[in-house]
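Novice: I'd like to ask some things about the structure below.
Rule-based calculations on the coordinates, nothing more; no lab input. These numbers were taken from a predicted model, which means no experiment stands behind them. All Cβ positions, glycine included, derive from the backbone under ideal geometry; neighbour counts span all protein chains shown.
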Amino acid sequence: MFGRAKSIADSLKKTRDSVFNQIGDLFGPSDIDDAFWEDLEELLIRGDVGVKTTVDLIAWLQQQMDQRGLRRSEQARDLLKQRMIEILEKAESEYLPGRRLLNVVLIVGVNGSGKTTSIGKLSAMHREKGDKIIIAAADTFRAAAVEQLKIWGERTGADVIAQSSGSDPGAVVFDALQAAFGRREASVVIIDTAGRLQTQFNLMAELSKIKGVAEKQVHNAPHEVLLTLDATSGQNALSQARHFKNIADLTGVILTKLDGASKGGMALAIAHEYGLPIKFVGTGEKVDDFRPFVAREYVAGLFGEVGATPVSTSKT
């Protein structure tokens, strides 16, 4: 099923059309001047690469060009792509590393970030691999969230464990884990959480309780804590990454709605500024439009290329 999914490169079309094609136009067959650096900085920031990441990228690029005695803009392009890949790969980590009977995945994120849809797509991916999945509907503050998860459960063959609205989220997680160990014999439990923008203290307390319940039932659980970020929300998503990194032991990010983003360069800022790996990308609306993140494919997609171009170090 997932072999038919929209590619990362396809989902980056709006980003290319709005910003990165203009960046590509800078790298014509010409020597670099001061205006080149100013234009590159402006376009990278417009592409939501982030101010800090942009400044660091350009400083690194200028240093490399000077050290290697390079002055052509096409050489700068190759070095820039190399550095982008390095930044993303440095933050990479394997999804659910190791072998265990039961894997516990905790999903966090604000309402509207694509959290429920990502849980459904993640369930479908696991189902494709032959896993049996239980979804814990621990966002007990929104009845609609529970109903949406039940619909996804029916579509993906996952069992959904839920309680009445306003119930204790920790109790839902406890029931889900007990069910996984019991007659349902699940191999993956995916836990939904409330997506409210609460005070930091309340959010920390709630997540801490859920994680405590999971850890008591399953060794080292949760084994993944993934933050859903809406790629179309730009700098707001980066702010959310900073907020959740401070209050949750995040292991990675699910970047959603990448196909709808006109400035999808934020993956670089997430990796460089916060050290968070992008684990998965939502590339479209279909259930199979959900892919593991691949740094080289992402960078190639930004520049509208099939693959990454080798770095040129020759002098001209």
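Novice: Nearest 5 is fine: what % of DSSP beta bridges in the chain come out antiparallel, could you say?
Specialist: DSSP beta bridges in the chain are roughly 15 percent antiparallel.
Novice: If each residue of separation counts as 0.36 nm, what is the full-extension length gain between Asn21 and Asn111 once their alpha-carbon separation is subtracted?
Specialist: The span from Asn21 to Asn111 would gain 29.2 nm if fully extended.
Novice: Still on this structure: Only one of the listed values, [x] 20.5; [y] 22.5; [z] 21.3, was derived from the coordinates as Kirkwood radius over Cα pairs in Å; which label is it?
Specialist: So the calculated entry is the one marked [x].
Novice: Using 0.36 nm times the number of residues separating Trp37 and Ala205, minus their current alpha carbon distance, what extension gain do you get?
Specialist: 55.9 nm
Novice: Rounded to the nearest 0.05, what FRET efficiency do Val51 and Arg99 have when you use their Cβ-Cβ distance and R0 = 30 Å?
Specialist: FRET efficiency, Val51 to Arg99: 0.10.
Novice: Given the peptides 35-44, 172-181, 187-196, arrange them by the average over their residues of other C-beta atoms within 10 Å, most packed first.
Specialist: 187-196, 172-181, 35-44
Novice: Right, something else. Lys and Arg at +1, Asp and Glu at -1: add these up for the other residues within a Cβ distance under 14 Å of Asp17 and post the number.
Specialist: +2
Novice: At 222 nm, what value in deg cm²/dmol follows for the chain if DSSP H runs of at least 4 each add -39500 (n - 2.57) and the sum is divided by all its residues, to the nearest 500?
Specialist: Dividing the helical sum by the residues of the chain leaves -15000 deg cm²/dmol.
Novice: Additional query: Over 19 Å between C-alpha atoms is what I'm after, so list which of Lys115/Lys257; Lys13/Lys257; Lys13/Lys245; Lys13/Lys121; Lys132/Lys211; Lys90/Lys286 land there.
Specialist: Checking Cα-Cα distances, Lys13/Lys245; Lys13/Lys121; Lys132/Lys211; Lys90/Lys286 exceed 19 Å.
Novice: A further question on this structure: At Ile151 and Trp60, where each label point lies 7 Å from the Cα along Cα→Cβ, what is the point-to-point distance in nanometres?
Specialist: 4.2 nm
Novice: Show me 100-113, 55-68 ranked by packing, highest mean number of other Cβ atoms within 10 Å first.
Specialist: Packing order, densest peptide first, comes out as 100-113, 55-68.
Novice: Next question, about the same structure. Report the label-to-label distance for Ser164 and Asp131 in nanometres (one decimal), using points 7 Å from each Cα along the Cα→Cβ vector.
Specialist: About 3.3 nm, to one decimal.
Novice: Which peptide among 294-303, 146-155, 70-79 comes first, and what is the full order, when sorted by highest mean count of other Cβ atoms within 10 Å?
Specialist: The most tightly packed comes first, giving 294-303, 70-79, 146-155.
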